[in-house]
Amino acid sequence: MKFAVVVFPGSNCDRDMYHAVREVLQEEADLVWHESGNLQDYDAILLPGGFSYGDYLRSGAVAAVSDIMDQVKRQAAQGKPVLGVCNGFQVLLESGLLPGAMLPNEKLAFMCHQETLKVANNRTMFTTEYNQGETVQFPIAHGEGNYYCDDKTKAKLEANDQIVFTYQNNPNGSTGAIAGIVNEQGNVLGMMPHPERASEAIIGSADGIRLFQSLVKNWREAHVVNV
Amino acid sequence: MKKVTVHVTLKEGILDPQGQTIETSLHSLGFTEVEEVRTGKTIELLLNDQDNVEARVQAMCTKLLANPVIEDYQLHVEEALQS
Amino acid sequence: MKKVTVHVTLKEGILDPQGQTIETSLHSLGFTEVEEVRTGKTIELLLNDQDNVEARVQAMCTKLLANPVIEDYQLHVEEALQS
Amino acid sequence: MLSTSEMTPETIEQEKLYLELGLSEAEYQHVKQILKRRPNFTETGIFSVMWSEHCSYKTSKPLLKKFPSTAPHVLQGPGEGAGVIDIGDGLAAVFKIESHNHPSAVEPYQGAATGVGGIIRDVFSMGARPVALMNSLRFGNPGTGNVNHLFQEVVRGIAGYGNCVGIPTVGGEVQFDASYEDNPLVNAMCVGIIRHEDLQKGIASGAGNTVMYAGAPTGRDGIHGATFASGDLTEDSDKDRPSVQVGDPFMEKLLIEACLEAIQSDALVGMQDMGAAGLTSSASEMASKAGTGMTMNLDLVPQREANMSAYELMLSESQERMLLVVQNGREQEMVDIFAKYGLEAAAVGEVTEDTSFRLLQHGSVVADIPVDALAEEAPVYHMPSKEAAYVRAFRQMDDFIPEVRDHGATLKQLLQQPTIASKEYVYDQYDSMVQTNTVVTPGSDAAVIRMKGTDKALAITTDCNSRYLYLDPEVGGKIAVAEAARNIVCSGAKPLGLTDGLNYGNPTNPEVFWQMEKSVEGMSTAANMLKTPVISGNVSLYNQSNGKSIYPTPVVGMVGLATSLHHITPSFFQESGDLVYVIGGTQPEFGGSALQKLVSGHYEGKAPSIDLQVEADRQHKLLQAIQTGLIQSAHDLSEGGLAVAMAESVFAGNKLGAEADVAGDATVALFSETQSRFLVTVKPEHRKAFETMLTDAVHIGHVTDNNKLIVRINGTTTIDEDVSTLHQLWKGAIPCMLNRKA
Ligand SMILES: Nc1ncnc2c1ncn2[C@@H]1O[C@H](COP(=O)(O)OP(=O)(O)O)[C@@H](O)[C@H]1O
Ligand SMILES: [Mg+2]
């Protein structure tokens, strides 16, 4: 399976994502500079964390209107898996691929530490390797991870089973303690916690690698059927 | 040249923790008359003269400058002093 | 009740990386008429009536709301609509 | 309008304007001799910044010579952007520490942020990818003056910059003492990793090669600070000119990537960042090091503002700028690399054979100076030195043991002392994990980052207990180095080298200069003994608070190497049943101790003594025991002594506790700060092997699983506390003093 890690000016978890896919997961991956990539050549698209365009104006806002996001939208519409982590999630929200918006953390400070997450939906292509309701350890590292959506949107997310991860001890004030959501089609996942930073025990947790493994496994199964 | 100031504020009903923090600090500095604090931002644009200034800036706002999920905005257009 | 809006802007000559980034992005979105972008912030205060509103808010600014080393500020006082 | 409004060389001389720009009478006369004429306005400015303490180290140079700076594994000692040490496998570690004290006192957020930005540029200008940041901070006592504000904004500034550029901030230290009340210290350290063959130097060799300017355009930031602001030297008023630099970490991130790409090209000859004194120092130093000259056309320098004078362009300290020397004819390759990242790279000059530093603007020569006069031949001063009277008095004082009635209550108070309390408030704001190498995150003795593709890891720490240096600069200097090495060893690594951030008061005061001299001597002795050469550093003088010099604060930033990931050792207790040992005996030593501050509010008496032979020996053996796999956890004893170290060891949140039996005076046993001691745990089955290896280890107890900390002195229970209670107090102290919820 071949992954594209999209690199915006100011992305800084791009290499971490690449390392997780290449060295830990042992799958193919390319770092794709925002100006030069053709995303059609890849089986999945990863939007990494960092501070795209300095996070100036609003986190992810400037990246969201960049040209490569048109490609991301097209690929997403065709059902290709798209994962946005941290800043990548913010970009997905700003570009309208996922509903809601990010506000500054309730305590207004950047925070970086391990958090316990609950797998709220293990039936997505990103989470089949987890048990429903299982708790896992992922690090967070963000200043604006306070997920906001209005009541109507929240009801819809719940009704469609779009809430994938929730925080056990809501660290940032997110609506419904939401840590990650998918779109209605289930192929675009945005989450603030970092699975790529939780992919090897030596750096604190290996719980995150199963997210990538789920993706590979489900893609292989679908791929075999299609071929 | 036109100068357009875009005032972006959080939608009513959305918590403004920064405003609250400022409020608490002002109280502790003795400014107890402060009843409420809301924060916002301004984006000042200097524009070459063009038709439809207002419509163009509206478009900038919806495309980039404000996020309608959480923010409202207002425009203020004036002649820029040539410098 | 008084409503005071404090506009805080960066002093002239102080680097505004945020403004520059917005400018570049607006250009690439086709808004080439944009000559310059500067960003600032607003702080809206709702105050119980008191003497010297303006002097009090000036004091709030120098003590907390603005950083005189890099920022300028302006006040705008108005009657608040009772709500 | 520009140069005409500037003072003529004659006026500068007659009105002694050079004094205002910072040149002394003698220095001005020297400049005249060098030039064989009067310097013009721009030249006077250039000399004054290049001969300032900050750039020339004119008062500290004689002292810095005392540091050991060579060893077979030192690939680059002091003198370049950063020092470089070999770590095997064709890799090297590149590191340096730098202060940003004065800017942080004026504008704490931007001051701290740009301090981080500057030290990062020093490291990647060597060709290394920055892999870790550290910060060493000093503030006044919380709640006094402006301290809470300075503390919060400095931390936010460090976070704001470091997080955005994607380099993990993995550790540091914070000390609070009245001595720093309105002169906080903000020292930032950056560590990078490089392949030997990529090592880059800041030299401008090859006459005919092109000088290129890359990064942010130049504005009027940070020009000559306060000295200049007074007179009406030019037509427009200076008082509104920003002298505070504002950082743009986004630009820096792009600059890192572009420069590291540029280094892969053989078109690049040399590269240096523009730090203090901006374009002036980077250009003249690059030429001076290469034995060449340089001509630059200032009209070609990218500018953020209109009508900048030569003086302003040369002295601006705008951030995120680099100077490159590129093979003649291959400029476009560089332009293309930088353009990919949306950055400007512009040819602004040429390397010349004659060794003069020549600047052109608007078609005329605005400066022409022999380049060595600026860099190598800057004046050096041997300042008078006099033993500080207070130190002599302190040395005469009797040893004293503070009176403590309730040792449990005292422990609780000590744990809430801000210098001892948990720094989670600080490091939680730092992205400590980006780059996915951080094996030991902040909160331990040293931070540890692995090196992907190897089985190795680097351990990094910053340390300096300036209270000891205040009492006795020489002994304190030794302790600062030894403590740093202790922290490295506890984490399972071998200390390899250090960078020093020397922060002192006014050096023209002979007693302050004496403090500098003695502490440097102490550090040198320790660095020799512990085989940790000094490979880079920084000097910050004239730090004073309330009219008094700060405590001498030579911060030690040390890097060590763990040759296997298996050696990485936690500082927390690991398993119930493990045996607890203290390595090293305890004397009544309370001068400069946390307990002394708690009971008396000040420091006096003798600093704790240190025997560097014993220190080296213990460190060596402990590391051996770690490498043999005998050690479960290791923690050094520092502020607050054994009691605090034991408490910290059970704060991992794993419900463990400890029980210990110690002999002697309770206050001494629990709170003395005798040096060269370690608290380690060992599995029962390794008891014999461990005791044979570390003959001066004393078995004092064992790890329990009941979440209680119990210490008996001579059989009497003296401390019996719930670990969770202690943990809460320790963890909540700093948020509480800031009126925040933990
Ligand atoms: N300014 C800071 N930035 C990041 N981490 C910090 C800072 N200050 C303290 N820490 C972390 O808190 C822990 C305790 O620090 P300290 O008490 O100075 O340790 P030690 O006494 O072992 O040197 C260390 O892991 C350190 O890295
Ligand atoms: Mg320690």
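The values are calculated or read from the model by the stated rules, or taken from the named source; none is laboratory data. This is a predicted model, so every value here is computed, not measured. Glycine also receives a Cβ, built like all others from the backbone with ideal geometry; neighbour counts cover every protein chain displayed.
I'm trying to understand the selection: among the residues of region D:105-118, which are within 16 Å of ligand 1 (Cβ to nearest atom) and either surrounded by fewer than 21 Cβ atoms within 10 Å (Cβ to Cβ) or under 13 Å from the mean Cα position of the chain (by Cα) (or both)?
D:Ala112, D:Gly115, D:Val116
Results for (1) farther than 22 Å from D:Ser282 by Cβ; (2) crowded, with 17+ Cβ neighbours inside 10 Å, shown as yes or no for each residue.
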{"position": "D:Asn328", "(1), (2)": "no, no"}
{"position": "D:Met334", "(1), (2)": "no, yes"}
{"position": "D:Lys340", "(1), (2)": "yes, no"}
{"position": "D:Val351", "(1), (2)": "no, yes"}
{"position": "D:Leu360", "(1), (2)": "no, yes"}
{"position": "D:Glu376", "(1), (2)": "no, no"}
{"position": "D:Pro379", "(1), (2)": "no, no"}
{"position": "D:Ala388", "(1), (2)": "yes, yes"}
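So, D:Lys423, is that one touching a residue at least 24 places away in the same chain (Cβ under 8 Å), surrounded by fewer than 24 Cβ atoms within 10 Å (Cβ to Cβ) and within 13 Å of ligand 2 (Cβ to nearest atom) or not? Talk me through it step by step, then tell me what you get.
Values: touching a residue at least 24 places away in the same chain (Cβ under 8 Å): yes; surrounded by fewer than 24 Cβ atoms within 10 Å (Cβ to Cβ): yes; within 13 Å of ligand 2 (Cβ to nearest atom): yes.
Spelling it out, D:Lys423 is indeed touching a residue at least 24 places away in the same chain (Cβ under 8 Å), surrounded by fewer than 24 Cβ atoms within 10 Å (Cβ to Cβ) and within 13 Å of ligand 2 (Cβ to nearest atom).
Are any residues in region C:24-39 surrounded by fewer than 20 Cβ atoms within 10 Å (Cβ to Cβ) and assigned to a helix (DSSP H, G or I), and if so, which ones?
Once the filter is applied, which keeps residues that are surrounded by fewer than 20 Cβ atoms within 10 Å (Cβ to Cβ) and assigned to a helix (DSSP H, G or I), region C:24-39 yields C:Thr24, C:His27, C:Ser28.
So in region D:479-502, with the set limited to residues that are charged (D, E, K, R) and within 17 Å of the chain's Cα centre (by Cα), which one is farthest from ligand 2 (Cβ to nearest atom)? Break it down into steps so the answer makes sense when it comes.
Within region D:479-502, the first condition is being charged (D, E, K, R), and the residues that meet it are D:483, D:486, D:494, D:500.
From the residues that got through so far, the ones that are within 17 Å of the chain's Cα centre (by Cα) too are D:483, D:500.
On the way: D:Glu483: 7, D:Asp500: 19 Å.
Among them, the one singled out is D:Asp500.
Scan region C:40-58 for residues that are crowded, with 16+ Cβ neighbours inside 10 Å, aliphatic (A, V, I, L, M) and modelled with pLDDT of 90 or more and jot them down.
Of everything in region C:40-58, those that are crowded, with 16+ Cβ neighbours inside 10 Å, aliphatic (A, V, I, L, M) and modelled with pLDDT of 90 or more turn out to be C:Ile43, C:Leu45, C:Leu46, C:Leu47, C:Val57.
Kindly indicate whether A:Val85 is within 16 Å of the chain's Cα centre (by Cα), within 19 Å of A:Phe138 (Cβ to Cβ) and more than 10 Å from chain D (Cβ to nearest Cβ).
Taking the combined requirement at face value, the residue satisfies it.
At least 2 residues that are without any contact (Cβ under 8 Å) to a residue 60 or more places away in the chain and within 24 Å of D:Asn706 (Cβ to Cβ) in each: list the strands (runs of 3 or more DSSP E) lying fully within region D:576-675 that qualify.
Values: elements: D:579-583, D:633-636, D:657-662.
So the answer is D:657-662.
When the residues of region A:128-153 are filtered to those that are surrounded by 19 or more Cβ atoms within 10 Å (Cβ to Cβ), outside any loop (DSSP other than H, G, I, E, B) and more than 14 Å from chain D (Cβ to nearest Cβ), which remaining residue is nearest to the chain's Cα centre (by Cα)?
Applying the first criterion (surrounded by 19 or more Cβ atoms within 10 Å (Cβ to Cβ)) to region A:128-153 yields A:130, A:136, A:138-149.
Those left that are additionally outside any loop (DSSP other than H, G, I, E, B): A:136, A:138-142, A:146-148.
Okay, now just the ones that are also more than 14 Å from chain D (Cβ to nearest Cβ), so A:136, A:146-148.
Details: A:Val136: 16, A:Asn146: 15, A:Tyr147: 13, A:Tyr148: 16 Å.
That would be A:Tyr147.
Only residues that are of a type outside the set (A, V, I, L, M, F, W, C) and more than 19 Å from A:Leu215 (Cα to Cα): list them for region A:104-127, please. Lay out the reasoning, then the answer.
Of region A:104-127, the ones of a type outside the set (A, V, I, L, M, F, W, C) are A:104-107, A:113-116, A:118, A:121-124, A:127.
Listed by number, the residues that qualify are A:Pro104, A:Asn105, A:Glu106, A:Lys107, A:His113, A:Gln114, A:Glu115, A:Thr116.
Return the residue satisfying two criteria in turn: it lies in region D:152-183 and is among the polar types (S, T, N, Q) and away from ligand 2 (no atom under 16 Å from the Cβ), and of such residues it is farthest from the other protein chains (Cβ to nearest Cβ).
It comes out as D:Ser179.
State whether one or more residues within region C:60-70 are in contact (Cβ under 8 Å) with a residue 12 or more places away in the chain, under 14 Å from the mean Cα position of the chain (by Cα), away from chain D (no Cβ under 14 Å) and closer than 16 Å to B:Glu35 by Cβ.
Within region C:60-70, the first condition is being in contact (Cβ under 8 Å) with a residue 12 or more places away in the chain, and the residues that meet it are C:60-61, C:65-66, C:70.
From what is left, the residues that are under 14 Å from the mean Cα position of the chain (by Cα) are C:60-61, C:65-66, C:70.
Keeping just the survivors that are away from chain D (no Cβ under 14 Å) gives C:60-61.
When the remaining residues are screened for being closer than 16 Å to B:Glu35 by Cβ, the result is C:60.
Within region C:60-70, one or more residues are in contact (Cβ under 8 Å) with a residue 12 or more places away in the chain, under 14 Å from the mean Cα position of the chain (by Cα), away from chain D (no Cβ under 14 Å) and closer than 16 Å to B:Glu35 by Cβ.
In region D:138-145, is there at least one residue being away from ligand 2 (no atom under 16 Å from the Cβ), within 14 Å of chain A (Cβ to nearest Cβ) and either free of Cβ contacts under 8 Å to residues at least 40 places away in the same chain or surrounded by fewer than 24 Cβ atoms within 10 Å (Cβ to Cβ) (or both)?
First, pick out the residues of region D:138-145 that are away from ligand 2 (no atom under 16 Å from the Cβ): D:138-145.
Filter once more, keeping what is within 14 Å of chain A (Cβ to nearest Cβ): none.
Checked against the condition, which is being away from ligand 2 (no atom under 16 Å from the Cβ), within 14 Å of chain A (Cβ to nearest Cβ) and either free of Cβ contacts under 8 Å to residues at least 40 places away in the same chain or surrounded by fewer than 24 Cβ atoms within 10 Å (Cβ to Cβ) (or both), region D:138-145 yields no hits at all.
Is there a residue in region D:611-631 that is surrounded by fewer than 20 Cβ atoms within 10 Å (Cβ to Cβ), small (Gly, Ala, Ser) and in contact with a His (Cβ under 8 Å, 6 or more places away or on another chain)?
Within region D:611-631, one or more residues are surrounded by fewer than 20 Cβ atoms within 10 Å (Cβ to Cβ), small (Gly, Ala, Ser) and in contact with a His (Cβ under 8 Å, 6 or more places away or on another chain).
Residue under question is D:Asp463, and the condition is that it be modelled with pLDDT under 95 and within 16 Å of ligand 2 (Cβ to nearest atom); does it hold? Can you show your working first?
On the way: modelled with pLDDT under 95: no; within 16 Å of ligand 2 (Cβ to nearest atom): yes.
The answer is no for D:Asp463.
Restricting attention to region A:37-53, and to residues there that are within 15 Å of the chain's Cα centre (by Cα) and part of a loop (DSSP other than H, G, I, E, B), which single residue is nearest to C:Thr21 (Cα to Cα)?
Filtering region A:37-53 for residues that are within 15 Å of the chain's Cα centre (by Cα) and part of a loop (DSSP other than H, G, I, E, B), the one nearest to C:Thr21 (Cα to Cα) comes out as A:Phe51.
What do you reckon, is D:Arg121 under 17 Å from the mean Cα position of the chain (by Cα), away from ligand 2 (no atom under 16 Å from the Cβ) and not in a strand (DSSP E or B)?
Working: under 17 Å from the mean Cα position of the chain (by Cα): yes; away from ligand 2 (no atom under 16 Å from the Cβ): yes; not in a strand (DSSP E or B): yes.
Yes.
Of these, D:Arg467, D:Arg486, which one is charged (D, E, K, R) and near ligand 1 (Cβ under 9 Å from one of its atoms)? Lay out the reasoning, then the answer.
On the way: D:Arg467 fails: near ligand 1 (Cβ under 9 Å from one of its atoms).
One residue alone meets the criteria, D:Arg486.
In region A:2-35, what residues are more than 9 Å from chain D (Cβ to nearest Cβ), on the phi < 0 side of the Ramachandran plot and in a loop (DSSP other than H, G, I, E, B)?
Scanning region A:2-35 gives A:Phe8, A:Leu25, A:Glu27, A:His34.
Here are some residues: D:Gln627, D:Gln632. Which one is under 30 Å from A:Ile203 (Cβ atoms) and in contact with a Gly (Cβ under 8 Å, 6 or more places away or on another chain)? If you could, list the steps in order and put the result at the bottom.
On the way: D:Gln632 fails: in contact with a Gly (Cβ under 8 Å, 6 or more places away or on another chain).
So the residue among D:Gln627, D:Gln632 that is under 30 Å from A:Ile203 (Cβ atoms) and in contact with a Gly (Cβ under 8 Å, 6 or more places away or on another chain) is D:Gln627.
The conditions are (1) within 14 Å of another protein chain (Cβ to nearest Cβ); (2) within 15 Å of ligand 2 (Cβ to nearest atom), and D:Gly653 fails exactly one of them. Which is it?
Unmet for D:Gly653, out of (1) within 14 Å of another protein chain (Cβ to nearest Cβ); (2) within 15 Å of ligand 2 (Cβ to nearest atom): (2).
Quick test for you: out of D:Ile631, D:Ile719, D:Ile734, pick the one residue that is in contact with a Ser or Thr (Cβ under 8 Å, 6 or more places away or on another chain), at pLDDT 95 or above, of a type outside the set (D, E, K, R) and over 26 Å from D:Gly492 (Cα atoms).
Working: D:Ile631 fails: over 26 Å from D:Gly492 (Cα atoms); D:Ile719 fails: in contact with a Ser or Thr (Cβ under 8 Å, 6 or more places away or on another chain).
Just a single option satisfies the conditions, and that option is D:Ile734.
Collect the residues in region D:421-438 that are touching a helix residue (DSSP H, G or I) at 6+ places or on another chain (Cβ under 6 Å), within 16 Å of ligand 1 (Cβ to nearest atom) and either over 20 Å from A:Ile140 (Cα atoms) or not aromatic (Phe, Trp, Tyr) (or both), keeping them in residue-number order.
First, pick out the residues of region D:421-438 that are touching a helix residue (DSSP H, G or I) at 6+ places or on another chain (Cβ under 6 Å): D:421-422, D:425-426, D:429-431, D:433, D:436.
With within 16 Å of ligand 1 (Cβ to nearest atom) added as a condition, the list becomes D:421-422, D:425-426, D:429-431, D:433.
Answer for region D:421-438, where residues must be touching a helix residue (DSSP H, G or I) at 6+ places or on another chain (Cβ under 6 Å), within 16 Å of ligand 1 (Cβ to nearest atom) and either over 20 Å from A:Ile140 (Cα atoms) or not aromatic (Phe, Trp, Tyr) (or both): D:Ala421, D:Ser422, D:Val426, D:Gln429, D:Asp431, D:Met433.
Kindly establish whether D:Gly408 is surrounded by fewer than 24 Cβ atoms within 10 Å (Cβ to Cβ) and either part of a helix (DSSP H, G or I) or of a type in the set (Phe, Trp, Tyr) (or both).
On the way: surrounded by fewer than 24 Cβ atoms within 10 Å (Cβ to Cβ): yes; either part of a helix (DSSP H, G or I) or of a type in the set (Phe, Trp, Tyr) (or both): yes.
Judged against the criteria, D:Gly408 is a match.
Exactly one of (1) under 25 Å from D:Thr532 (Cβ atoms); (2) within 16 Å of ligand 1 (Cβ to nearest atom) is unmet by D:Leu595. Its number?
(1)
Among the residues of region A:103-124, write down those that are facing another protein chain (nearest Cβ under 7 Å), in a loop (DSSP other than H, G, I, E, B) and within 17 Å of A:Gly190 (Cβ to Cβ).
Filtering region A:103-124 down to residues facing another protein chain (nearest Cβ under 7 Å) leaves A:103-104, A:106, A:108-113.
Filter once more, keeping what is in a loop (DSSP other than H, G, I, E, B): A:104, A:106, A:108-110.
Residues satisfying the conditions do not exist here.
Kindly indicate which of D:Ser444, D:Ser491 is within 14 Å of ligand 1 (Cβ to nearest atom), at pLDDT 95 or above and either surrounded by fewer than 24 Cβ atoms within 10 Å (Cβ to Cβ) or of a type in the set (Gly, Ala, Ser) (or both). Give the derivation first.
Values: D:Ser444 fails: at pLDDT 95 or above.
Every option except D:Ser491 fails the conditions.
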